[in-house]
Amino acid sequence: MPAQSILSSDPIAALATPPGQSALGIVRMSGDGVWTLAAHACGHKSIPESWAPRTAQVVTIRDSDGDVLDEGVLLPWKGPHSSTGEDLVEFIGHGSPAALTLVLERFLALGARPAKPGEFTRRGFINGKLTLDQAESVASLIDAKTGAAARSSLRVLMGGLKTQLQMIEESLQDALGLVELELDFAEEEIPIFNRDRFVADVAELLDQLERLSQHARASKYLRNGIHVVIAGETNAGKSTLFNQWLGQERAIVSATPGTTRDYLDAAVDWNGIPVRLVDTAGLRLTEEAIEKEGIRRAQALLEQADVLLWLVSPPDFVLPDERYVTDERLLLIRNKADVGVLTPETLSAKVTAAISATTGDGLDDLQARIVQRLMGGTNYEESLGLEQRHARHLNEAAEALGRSSTLASANASEELIAVEIRAALDALSEITGRIAGDDVLNRIFGRFCIGK
């Protein structure tokens, strides 16, 4: 059981669908006595014998005078076999905000209280229906902007992260058991804890933790998108590339230098990954006031990019400023590869890809390279939607394991090794929520919408 206050099971109610008109809308109640409250809202003095768990009932919700508020379907659930682990009812009615509000107000008048943000999911966590990482994935799934992001969150919700963490924890608990046995039988000099085997096992566990950390890094881009800024000298083909990726003539393309005075940006979808694509003003020395301001803005955008695509093209092949040459975000792209001009030998080794923004040649390969670079080898089609909180605790666990391996190799005492193994286990428990405190839970569930 997590180290936190146990929530009371008093009945709570909330709309489970967002504001606005729709064909259907849902009002939920969870907690002690919600079946009775729902029965009274339907005009019954007691729960009808026909009501059974997970059996839909066609009902009419009435006010205190018996007047009809709405007609719809009531789906009752019996705890602990519900998403909250408590008795639960969901009324599915017409999607009129006014009608749904009347139903909600009726439930509240009968004794339920308004639910807090995320309280339904929090009760499910408290009652052992899901771990904390699974609970977080619910919010991430709701916030997902692309199919790939939604699927990555769903894999966590279905237990993908929990299963992997359980296997790592079991290995650590086995190792800790051997260390503690060694301590118990220290005076008898019976060899139980094999240090060489432990060091080898830790190396494998560290590999597993690193792979999970890669998922966390990939999740950041699946969730927030990739910020790609196209930069370079005037007439390098930046606007042509921008238009090619958008599939429309959004930016003005002209042979006249300095056509793009301000930046343009657009949202695109690269096979399920959200991308913010930015076309910037060509960087050159100029005294023209408007173009000068566009260049200033372009330079500011370069600092915010996840990926900086610097286009070079014949005849000048102008490289970026020295401060960007060693920037890990920089990808040097040789544009206008279709014109047949050779790339200088001094530049060839630095070029990441050769493309033609005009014909589109090489763009699919460049897009794949950008995704591969940021995803760190993680297949985003199979990725787990991890949070940055998870990444932090995975790093803490890896650091503790690294210290335990160093201690074992240095023939340090079993007590010190055990301390580091327990620290690694504690870090992993923070992810699943077994030792999460109220401050952590309040922060996590506070980002949920009301009714979820």
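Here, each number is a calculation from the coordinates, and none is a lab measurement. Nothing here was measured: the structure is a model prediction, and the numbers come from that model. Every residue, glycine as well, gets a Cβ built from its backbone with ideal geometry; the counts of neighbours run over all protein chains shown.
Can you list the lysines whose alpha carbon sits under 23 Å from that of Lys336, skipping same-chain ones fewer than 8 residues off?
Lys238, Lys350
Using θ = phi - 60° and the Karplus curve 6.51 cos²θ - 1.76 cosθ + 1.60, what whole-Hz ³J(HN,Hα) does each residue of segment 140-153 get, with Gly and Pro shown as x?
3J(HN,Hα) across segment 140-153, in whole Hz: 5, 5, 5, 7, 4, 9, 9, x, 5, 5, 5, 5, 5, 5.
If R0 is 22 Å, what FRET efficiency do you get for Ala200 and Gln173 from their C-beta distance, rounded to 0.05? Walk me through the numbers on the way to the answer.
Values: r = 18 Å, r/R0 = 0.80.
Given R0 = 22 Å and the Cβ-Cβ separation, E is 0.80.
Work through the residues other than Ile431 whose Cβ is under 12 Å from its Cβ and net out their charges, Lys, Arg +1 and Asp, Glu -1. Could the numbers behind the result be given before it?
Working: positive: Lys162, Arg389, Arg392, Arg434; negative: Asp133, Glu136, Glu169, Glu387, Glu396, Asp426, Glu430.
Summing Lys/Arg as +1 and Asp/Glu as -1 gives -3.
Rounded to whole Hz and in sequence order, give me ³J(HN,Hα) for segment 74-79 from the Karplus expression 6.51 cos²θ - 1.76 cosθ + 1.60, θ = phi - 60°, writing x for Gly and Pro.
Result, rounded to whole Hz: 10, 10, x, 10, 9, x.
Once amide H atoms are built 1.01 Å from N in the peptide plane, which residues 5 or more positions from Asp70, or in another chain, come under 5 Å H to H?
Distant-sequence amide H within range of Asp70: Ile61.
Using the Karplus curve 6.51 cos²θ - 1.76 cosθ + 1.60 with θ = phi - 60°, work out ³J(HN,Hα) for each residue of segment 329-344 in order, rounded to whole Hz, and write x for Gly and Pro.
7, 6, 10, 8, 10, 8, 8, 6, 5, 7, 7, x, 8, 5, 7, x
So, by mean Cβ neighbours within 10 angstrom, what's the order for 331-342, 44-55, 209-220 with the highest one leading?
On the way: 331-342: 17.4, 44-55: 11.2, 209-220: 20.5.
Highest mean packing first, the order is 209-220, 331-342, 44-55.
Considering amide H positions built from the backbone, and no H for Pro or chain starts, which residues 5 or more places from Ile355, or on another chain, come under 5 Å of its amide H?
So Ile355 has HN proximity to Arg334, Asn335, Lys336, Ala337.
Just one of [x] 23.7; [y] 30.8; [z] 19.1 is mean projected area of the Cα convex hull in nm² calculated from these coordinates, so which is it?
It is the one labelled [y].
So who's got an amide H within less than 5 Å of the one on Ala16, skipping anything under 5 residues away but keeping other chains? H placed 1.01 Å off N, in plane.
Long-range HN contacts for Ala16: Ile26, Val27, Arg28.
Would you mind putting 352-364, 229-241 in packing order, based on average other-beta-carbon counts within 10 Å, highest first?
Values: 352-364: 17.4, 229-241: 24.3.
Highest to lowest by the protection proxy: 229-241, 352-364.
If you take every residue apart from Cys449 with its C-beta less than 13 Å away from the C-beta of Cys449, what net charge results, scoring Lys and Arg +1 and Asp and Glu -1?
Values: positive: Arg28, Lys116, Arg122, Arg447, Lys452; negative: Glu119, Asp143.
Computed value for this residue: +3.
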